[in-house]
Structures are given as structure tokens and as C-alpha cells.
Amino acid sequence: MNGERHITGRVIRFVRKSLIHLILLAICVIWLVPTLGLFISALRPRALILNTGWWKAFDAPLRFTMENYLHGEPERIESKLGSEPALRMHILASIATGHVGTKEELMNFIDSTFFAHQLDVWTIEDKIENVLNFLMEEEFVTGNGHLTPTIFGKRTSDLYIDPLSAVIMRDALRKDGDEIFPHLHAICATPDMPKLYLRRGDYEYVEERARKTNLLVDADDYEFLLSEIKTALLIEQWIREVSEDKIVETFGVGPGDIRRKVDHAEWLIYSMKELGKIFNKDKAKLLTPLILRLRYGVKEELMNLVSLKGIGRVRARALHRSNLKSVGDLKKVDINRLAGIPSIGPTTARNILLQLGRKGERIVEEKTEESAGQSSLTDFR
Amino acid sequence: MILRSTILAVVAVFGVPAGLTLYIFLVEKGINRLRFPIQKRIRPWLWLAPGLAILSVFLLYPVLNTLVLSFLNNDSTQFIGLQNYMRIFSDREMLIVLRNNAMWLVFFTLVTVTVGLLIAVLTDRVKYEQVAKALIFLPMAISFVAAGVIWKFMYEFKPKGTPQIGTVNAVLTTLVPSFEPQAWLFNPSINNWALIVVGIWIWTGFAMVILSASIKGVPKEIVEAARIDDAGEFQVFFRVTLPIIKPSIVVVTTTLIINVLKIFDIVYVMTNGILGTEVIANRMYKEMFNFMNFGMASALAVLLLVAIVPVMLMNIKRFGQRGEIQ
């Protein structure tokens, strides 16, 4: 009796135990499978991962790889010709250089590009058609059978700007107004200008300026318009000799951003001036001084001085303040007085005079503190 | 610029500790002149003051600022009162967000604690306890983003008739031939459940570890006594073990609730909140960085804070009690 009970007890315990083992085993498997799947997938080639489940990895033939760890796939190069700005520029360029003269030639040319190697040309045929129509309508190109570039088209292509930018500039050039700011806004409204984003505190002054200005270019989107205005404001501050530190603070940008915007602005204002020669000679005259002003970040009165090597916006301003307002004034100045001007110093003074053809003049060594080169960290050049 | 930041760094590394030391030195000098009972009363406050000051600048101020922002419009230029909050509780999309958070809250917490407890009890009775627990705990060591990637593989879907490469669909179609493969993450009636499962998979290990430790702390004598009195295993568990480990269960539950209210990563990685899977934290992120609606984002942040703080306080209180018991 006792033994029998003993045995039943053991059977019950065994059954109960195996139930526990079974449940635990199931839970462990469920918990482990996802990680296991990832682990095995990490060692399988891409094509297989996408087509078969990870458990098939052990079917013959075994195909494991360390590719995902050791030799990651090189980054894919993708043709960007499919985008409209790129198509506009390159189609115009190929016509402007005389490389293609008919639509068939154009299609043949595109067929031989890297884009055609990667993708099918028919996918962008509509876009090509659109771009061609755009170029004809805006008079970059003329002719029905034979495609001939106009002067406008040639110039645009030479300037390396997006034809859409050229259209925006042309329309702005045809409007009246000789204020500078609307022209700065016009170049900021082109797709070639990288724009600044608005921060929360920016809206007030940007919107105020937008209200006060007679713009040459209409905007289709208010937020875009404000971005364009903000960018134009930065450029305006630069040519009004506002210090870099101040600009950085006002617009919440880095010093490198200023350089980038200003470089773009110089290129675009130059382009606009060139187009002005075709469409509006007066405006070409208006814009010409801006190119130098943008390069050096100076007001108009300093343009003569910055043409000297070694003279930037800070030194030119210092010279101007000391009543030396042009290269002509410098030709007559006493070298000791020049060397004594803050931020100039003996070395620069000698350099300046050398450029003006005055050699071998002596400086009486009387180093004032101010003339000892750079006077503070931010006050270089 | 470089010089300025170098000076700043030097000041930060040496100046701040030096300043604090000086502060304490001066405080002690001044305080020693006072009578002892007064000394005793104000000393802790004076020592705490720098810490409290830092805390209020970096913690209290941002919280209050968020609260203020939540009453303002999208670019914080206009006071709009409770409009943001009213939108949260009336907008159809927002109500879905709240529903999802509620689903997560209830089912995630319930299942995680229950399964964690079950595993803790079962592993207590087998020899390979350590191995089993390590396996269940493994997902805790994986980042949520990686877990999202893992489960995207698991939930992979191919149309019926083609070989399934997602584990879940493959297993179910093999075991039940009549089963239709499901797009787990895209079918609006199941995608929330699919996401919750991922959460459970990650967090069960956490619940298990704490509850297991707590079960081990149940005095052997009490259990023995119950067995001698002829209690069955279930009775021992429900009448003896469970009441003893109840404080731990509460702590685990509250910790899970705090975490599930803030749930973000899983949804962000797996569905990015589309097809009705969005939760409060995801919505907050979108309002902030996609829609630039600072007011709404702040209102959602405040809502989360309000929901979490009571649970947090409860948790802290519990921890305190446990400290007293030990």
C-alpha cells in the first residue's frame, strides 16, 4: 500500500515537473527565436534575406557571409539627372554649347549618360518634354526643328545658373526700382541660393521688413518668402559692414554660413549683372559695385581701398576713419602716420606703399601699442 | 573664440568645485558662530542650497517653461488658454493616440507582470534556472531600436501562396494550413497588439528578475509550514507567496507603468505611428519637430508628466517602505 502510494506520488511529480519543463522550454524558445533570427540574418547575404526566411539558411547549399561586417557594400552612386533643376541646366548646356541641335540628338545624348545606364530614359521623357517647353517659352532656345540657343540661353548656361534662376532674375531686371535690398531678395528667391530657416524670434523683424519693401519677385509661399527675406537681410548686413560676431548673433548662423551665403550672393549678383547687360543696362550699372562689396563686406565708400592687397573690411574702415579715403590719398600719405593707424602697423604700411610704387621709405621706430599688429582676438585684417 | 571656450572649460572644471568648497567653508565659518540648536536646524539647508539652485535651474525651470508654452499657440506668440488641451481630448486623431496609450498601459503592464511572475515561479523549481533566466533577460540588453529591427523581421509579410520569410507568418501558416498570412504591422485591427508584443518581449525579463529575487526572499519555514498543513501548490502560491511578494509586484508594476506611458522607440522604429499606432510620445515628437507646433508638443509633454508623476511618487514611497523593512 505504502509502496504503491510512493510510486503514484513519483508519477504525479514527474508529470507535474515535465509540465513545468515544457512550459519553460516553450517560453525560452519564443523569447530566443527573434534574437536568433537576427543573428543568423546578420550572417546571410542580402539577396537571400529578402527572399527566404532565416531558418532556410541551413538548407544546402550553405551560404553564409561576413560581407555585412567586413566588406559592407560600397555606397551606391545614383544619377541625379532625373531631377528637374539638373535637367534644366544640362539640357540648356548641351544646346547652348551646340552639342545637340535637334530633339533626337538630345534624346540620343541622354541615352548615353550615366542616368540611362542606371535607369530607363522613358521614365523621364515627360520631364524632358516639360523642360524643353520651359526653355522655349522663356526664350532660352528657339526653333522648331532645329534647337538654337538665344543670347539669353547662352549667357545663362555660361553663368552656370539654373535657368529658373535666370528667369527670376530677368523678370526682376525688367521691373523698376533702384534700391539694393529688393535685388538682394531677388537673388535669394532663386533656387540657386541656399536659404536660412526662421527661428521663433525671427518672425517679427523679417515680417516687418517684408511689409516695408517693394519686392521685385513675388513669392508663392509666405514661409518661403520670409526665408528669402531673412537670407537677404543677412547679406545686407554684411555689405553694411556689420561685424561677423553681430551677424552670427542676430541670425543664429555659424561664421561659415555667412561665407557660404555671401559667396553664393556674389556669384548670383554677378550673374544678374551679366543678364542686366542683355535686359536692362541701368540695372547692370547698379549691380556692378555690389560684386566687390559682397566680396569684402564693405560699404560703397571703401570699395576703392579694398582693391589693395592685404586690405579687408576692418583695415579699410580704419584707413577711412583716419581720413585716407582712396588709393590717391594713400599715395601721398606719410609712412609713419600710416604705420601708426590702428590695425595697420609697419609691415602692412610697407606692403601698401610697395603696391603704390613707393619703395625704400624708412619708418621711424616708434612702436605704439596700437600698431603692434593685431590688437584684439576678433580684430584681425 | 577658442580662448574664450578654453577659459570657460577651465572655469567649469576647476572653478565650480573650488567655488563650492569656498562656499561650504564660508558657510561653516559663519554658522559656527550661531548657537548649536540653530546651527543644527539651518546647516542642512545651507549645504543643500547649491544643489537646489542647480536643480531649479536645470529641472524646475524647464518644466515650468513647458507648462507656460502649453498655453501658447504653435509659435508661442499668443496666449490661447486651454485650447491645446481641449484639442487633445476632442480631436479624432488625438483620441486614437490616447486610446493607444491606454491599450499599452493596460495590456502591456498586465501581460508583462503576469508572464514575468509565471517565469519567476517556474524557474524557481528547475535546475537550469540561470540559463532560462538569462535567455528571458536577454532582450533587456538589446536597445529598443534593435528590438524594433528584430521584430520587423519577425512580422515580415508576403502575400498568400508565396513562401513567408517572416517567422510569425511562417510558423502560423505551417502549423495551421488554413491560416491567412497577416501584415501584422499594417492591419489596423492588429498592429497595436503586434507592437505591444514587442514591448512585452523586451520588458518581461525585467519583471522576472525582480520578482524572482523577491520569491527567493520568501522564508522557507512559512512555505514548509503551509505544505505540512496539507496546502496544495496553488494554495501555497496564492495564499503564502503572493501576499509576501506583493510589495515587489507593486514596484514592478509602477515601474512598468512609468515606462509604458513614455513608450516611443518601438512605435517610432516599427511603424512611425502610421495606421493608428501613434502614442503620446510619438505625437509629441511629431508636433515638435515635424509640425513645429511648440504649444501642442508642450501640452502633450505636460499631459505625460501629469500622468506619470503620481505613479512615480507611489513608486518612491514604496521604495522608501522597503528600505524601512530591511
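The values are calculated or read from the model by the stated rules, or taken from the named source; none is laboratory data. For clarity, every value in this text was computed on a predicted model and none was experimentally measured. For neighbour counting, all protein chains shown are included, and Cβ atoms are generated from backbone atoms with ideal geometry for every residue, glycine included.
Before we move on, is A:ARG174 basic (Lys, Arg), modelled with pLDDT of 90 or more, surrounded by fewer than 21 Cβ atoms within 10 Å (Cβ to Cβ) and under 23 Å from the mean Cα position of the chain (by Cα)? Against the criterion (basic (Lys, Arg), modelled with pLDDT of 90 or more, surrounded by fewer than 21 Cβ atoms within 10 Å (Cβ to Cβ) and under 23 Å from the mean Cα position of the chain (by Cα)), A:ARG174 does not qualify. Against the definition (closer than 27 Å to B:ASN272 by Cβ, over 19 Å from the mean Cα position of the chain (by Cα), more than 14 Å from chain A (Cβ to nearest Cβ) and not in a helix (DSSP H, G or I)), how does B:SER90 come out, yes or no? For B:SER90, the condition - closer than 27 Å to B:ASN272 by Cβ, over 19 Å from the mean Cα position of the chain (by Cα), more than 14 Å from chain A (Cβ to nearest Cβ) and not in a helix (DSSP H, G or I) - is met. Taking the stated definitions as given, is A:GLY360 at pLDDT below 85 and on the phi > 0 side of the Ramachandran plot? Yes, satisfied.
Among residues of the range A:162-189 that are within 15 Å of A:ILE229 (Cβ to Cβ), those with a Cβ under 7 angstrom from a residue that is aliphatic (A, V, I, L, M) and surrounded by fewer than 19 Cβ atoms within 10 Å (Cβ to Cβ), sequence gap 6+ or separate chain, pair up as A:ALA189/A:ALA219.
Out of B:VAL306, B:VAL260, B:VAL240, B:VAL223, I need the residue that is touching a Phe, Trp or Tyr at 6+ places or on another chain (Cβ under 7 Å), part of a helix (DSSP H, G or I) and among the hydrophobic types (A, V, I, L, M, F, W, C). Which one?
Working: B:VAL306 fails: touching a Phe, Trp or Tyr at 6+ places or on another chain (Cβ under 7 Å); B:VAL240 fails: touching a Phe, Trp or Tyr at 6+ places or on another chain (Cβ under 7 Å); B:VAL223 fails: touching a Phe, Trp or Tyr at 6+ places or on another chain (Cβ under 7 Å).
Selected residue: B:VAL260, the only one of B:VAL306, B:VAL260, B:VAL240, B:VAL223 that is touching a Phe, Trp or Tyr at 6+ places or on another chain (Cβ under 7 Å), part of a helix (DSSP H, G or I) and among the hydrophobic types (A, V, I, L, M, F, W, C).
Take the residues in the range B:147-180 that are at the interface with chain A (Cβ under 8 Å from one of its Cβ atoms) and surrounded by fewer than 18 Cβ atoms within 10 Å (Cβ to Cβ), then tell me which one is modelled with the lowest pLDDT. Taking the candidates together, the pick is B:PRO163. Among the residues of the range A:18-54, those identified as over 17 Å from A:PHE64 (Cα atoms) and more than 8 Å from chain B (Cβ to nearest Cβ) are A:SER18, A:LEU19, A:LEU22, A:LEU25, A:ALA26, A:VAL29, A:ILE30. May I ask you to verify whether A:ALA93 is among the hydrophobic types (A, V, I, L, M, F, W, C), modelled with pLDDT of 85 or more, in contact with a helix residue (DSSP H, G or I) (Cβ under 6 Å, 6 or more places away or on another chain) and surrounded by 15 or more Cβ atoms within 10 Å (Cβ to Cβ)? Here the answer is yes, as A:ALA93 does meet what is asked. Taking (1) without any contact (Cβ under 8 Å) to a residue 60 or more places away in the chain; (2) touching a Leu at 6+ places or on another chain (Cβ under 9 Å) in turn, A:ILE269 satisfies each apart from (1).
Contact map, the range B:185-204: first residue away from chain A (no Cβ under 14 Å) and without any contact (Cβ under 8 Å) to a residue 40 or more places away in the chain, second residue of a type in the set (S, T, N, Q) and in a loop (DSSP other than H, G, I, E, B), Cβ cut-off under 7 Å, separation 6 or more or different chains; pairs are B:ILE190/B:GLN182. Summed over the range B:124-143, the residues that are within 9 Å of chain A (Cβ to nearest Cβ) and within 14 Å of B:PHE237 (Cα to Cα) give a count of 1.
Give the range A:39-52 a look and list any residue that's free of Cβ contacts under 8 Å to residues at least 12 places away in the same chain and surrounded by 12 or more Cβ atoms within 10 Å (Cβ to Cβ), or say none. Working first, answer last.
Taking the range A:39-52 first, the residues free of Cβ contacts under 8 Å to residues at least 12 places away in the same chain are A:39, A:47, A:49-52.
Selection gives A:PHE39, A:ILE49, A:ASN51, A:THR52.
Checking B:ASN74, B:ASN101 one by one, the residue that is within 14 Å of chain A (Cβ to nearest Cβ) and either in a helix (DSSP H, G or I) or at negative phi (or both) is B:ASN74 and no other.
Does the range A:19-38 include one or more residues that are in a helix (DSSP H, G or I) and either touching a residue at least 40 places away in the same chain (Cβ under 8 Å) or among the charged types (D, E, K, R) (or both)? Explain how you work it out, then say what you get.
Going residue by residue through the range A:19-38, those that are in a helix (DSSP H, G or I) are A:19-38.
Keeping just the survivors that are either touching a residue at least 40 places away in the same chain (Cβ under 8 Å) or among the charged types (D, E, K, R) (or both) gives none.
No, the range A:19-38 has no match at all.
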